[in-house]
Number of protein chains: 2
Amino acid sequence: MTRLYHFPLSPFCRKVRLTLAEKRIEVELVEERYWEQDPEFLRRNPAGKVPILRMNGRNMAESQAICEYLDEIAPEPRLMPRDPEARYEVRRLCAWFDDTFHDEVTSKLVYERVNKKVMKLGYPDSRNVKAGAMRIKFHLDYMDWLLEQRRWLAGNEMTLADFTAAAHLSCLDYISDVDWNRSQNVRDWYAKIKSRPAFRSILADQVPGFPPPPHYADLDF
Amino acid sequence: MTRLYHFPLSPFCRKVRLTLAEKRIEVELVEERYWEQDPEFLRRNPAGKVPILRMNGRNMAESQAICEYLDEIAPEPRLMPRDPEARYEVRRLCAWFDDTFHDEVTSKLVYERVNKKVMKLGYPDSRNVKAGAMRIKFHLDYMDWLLEQRRWLAGNEMTLADFTAAAHLSCLDYISDVDWNRSQNVRDWYAKIKSRPAFRSILADQVPGFPPPPHYADLDF
């Protein structure tokens with residue numbers, strides 16, 4: 001049985017969950033309080049990070065490497081295009097969301113507001129929260145600009161870039177940190193991706209002490 | 001003409017330079033003091049980062065996306081294997097060095113000792129330098145363990161994982177922060193990769209105010 005060790009509000013775990021679900025690969029989800037450094041978990045994963053995908057007897061780490069692997073062994077539906085130029089654009093955007101967006105927005109908002117409390121690391125740093133709330137506007141505008149020219153973020157087909165971006169935005173939406181009125185293009189894009197069957201498990205997530213807002217799981221938000 | 005905007009001691013730029021050179025793609029190197037936020041450079045690259053590869057009239061960012069693209073359009077010599085399991089392992093290690101190793105070691109040593117001075121950001125933070133000097137030992141031991149089982153880091157063929165690791169280690173070697181006596185396996189591996197023609201331009205790098213140690217460019221170090 002394929003098993004994913006994950007934390008519900010980790011964008012990297014959500015990216016892998018979306019990819020698995022889109023490809024209809026059955027997986028058992030195991031919630032891992034990775035910051036507690038359980039020795040059994042550390043044995044599986046010395047870096048102490050999530051996600052860890054246990055598949056065919058092997059533990060796999062690094063979400064982008066996992067997702068590209070899944071796309072290669074289970075190519076339907078395809079999340080990476082075939083053309084090198086298009087593949088570059090998908091990978092560029094995946095890196096943009098997982099590095100730049102993560103550093104400037106996700107870590108500043110989700111980690112400050114939720115992870116710090118769950119991990120008992122103290123109160124949110126209001127400077128970080130303020131910086132994240134400011135920077136997300138710039139990123140939503142960038143997405144708006146991309147979606148002005150394309151049906152999906154990396155081109156006219158849905159790709160791993162869309163799942164990567166949606167993984168981050170859905171974590172932020174869980175704590176009501178996305179202003180859906182800022183861009184109709186972004187809102188329409190998120191409505192399309194949110195209504196996919198692959199998204200269902202993510203919309204059902206619950207973090208104790210942090211109930212999601214009513215619009216979070218609403219397809220007509 | 002293909003042009004790379006780079007900074008000599010950036011591991012991400014070095015990874016792209018090594019890939020270009022290995023594939024014998026001629027490139028004009030343009031040193032970019034990216035932290036000075038030159039408006040002309042920012043126009044090409046709103047994120048203000050290096051490397052930026054200007055190729056066929058388009059500006060490309062994100063080193064891993066660039067290198068995989070180069071491997072797809074110029075497959076000789078191949079830096080990504082064909083088998084999905086092997087490709088996963090290459091990508092996992094690229095992410096390991098570019099994220100974990102970078103955060104724990106490269107940023108703690110190269111950025112503290114060199115970039116801070118070059119960018120006029122003050123003195124190195126000795127806690128960071130100490131932490132980086134401690135963590136590099138763990139990483140060298142991990143590389144030793146991999147190389148005990150394999151000829152190259154990700155398997156028995158040289159791949160992008162080797163160039164990624166060598167990009168980081170060569171920056172650290174420029175400031176004498178690699179203890180080559182810690183592992184004969186790692187030393188032999190680095191000697192092999194350092195003697196490739198693709199490495200020459202990197203061994204000729206000079207950062208004003210930071211002369212490299214004599215062993216840096218010595219193939220018999």
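The values are calculated or read from the model by the stated rules, or taken from the named source; none is laboratory data. What you see is a predicted model, and the numbers here were worked out from it, not measured in a lab. Counting neighbours? That spans all protein chains shown, and the Cβs are built from the backbone with ideal geometry, glycine included. For accessibility, only protein heavy atoms count, side chains too; no ligands or nucleic acids. Shrake-Rupley method; radii C 1.70, N 1.55, O 1.52, S 1.80 Å.
Numbers at a glance
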read-out: Karplus-derived HN-Hα couplings along segment B:15-31 (A = 6.51, B = -1.76, C = 1.60, θ = phi - 60°), whole Hz, x at Gly and Pro; value: 4, 5, 4, 5, 5, 4, 5, 4, 8, 6, 8, 6, 9, 8, 8, 10, 6
read-out: Per-copy distances of the residue A:144 label point, shortest first, in nm (7 angstrom along Cα→Cβ); value: 5.5
read-out: Chain pair B, A: total accessible area buried, heavy atoms, 1.4 Å probe, Å²; value: 2000
read-out: Summed side-chain charge close to residue B:183 - residues other than residue B:183 whose Cβ falls under 11 Å, Lys, Arg +1, Asp, Glu -1; value: -2
read-out: Counting DSSP beta bridges with both ends in the protein assembly as shown, the antiparallel % (nearest 5); value: 65
read-out: Scattering curve values for segment A:1-109, log₁₀ I(q)/I(0), Debye with Cα scatterers, q = 0.11, 0.14, 0.15, 0.21 Å⁻¹; value: -0.37, -0.59, -0.68, -1.21
read-out: Estimated FRET transfer efficiency (residue B:83, residue B:121; beta-carbon r; R0 41 Å; 0.05); value: 0.40
read-out: Listing of segment A:64-107 residues, each with accessible area lower by at least 50 Å² in the full protein assembly than in the chain alone (probe 1.4 Å); value: A:65, A:69, A:72, A:84, A:85, A:88, A:91
read-out: Projected area, mean over directions - segment A:84-196, Cα convex hull, nm²; value: 7.1
read-out: For the protein assembly as shown: accessible area per residue (Å², 1.4 Å); value: 45
read-out: Point-to-point label distance, residue B:184-residue A:73, nm (Cα→Cβ direction, 7 Å offset); value: 3.7
read-out: Rounded to the nearest 10 Å², the accessible area of residue B:134 at probe 1.4 Å; value: 130
read-out: Interchain or long-range residues, amide H under 5 Å from residue A:52's placed H; value: A:5
read-out: Rounded percent of accessible protein surface that carbon and sulfur make up, chain B, 1.4 Å probe; value: 50
read-out: Largest to smallest principal axis extent of the C-alpha atoms in the protein assembly as shown, angstrom; value: 64, 50, 44
read-out: Computed accessible area, residue B:36, all protein chains, 1.4 angstrom probe, square angstrom; value: 110
read-out: Pairs of Lys in segment A:84-196 closer than 30 Å at Cα, counting only those 8 or more apart or on different chains; value: 19
read-out: Gyration tensor over alpha-carbon atoms, chain B, equivalent ellipsoid semi-axes in Å; value: 25, 24, 16
read-out: Pseudo-label separations to other copies for residue B:83 - Cα-to-Cβ vector, 7 Å, nm; value: 3.3
read-out: Separation in nanometres of the label points that stand 7 Å from Cα toward Cβ, at residue B:43 and residue B:103; value: 3.7
read-out: Calculated label separations, residue A:99, copies of the chain, 7 Å along the beta-carbon direction, nm; value: 1.2
read-out: Simple label model, 7 Å out from Cα along Cβ direction - residue A:151 to residue A:201, nm; value: 2.7
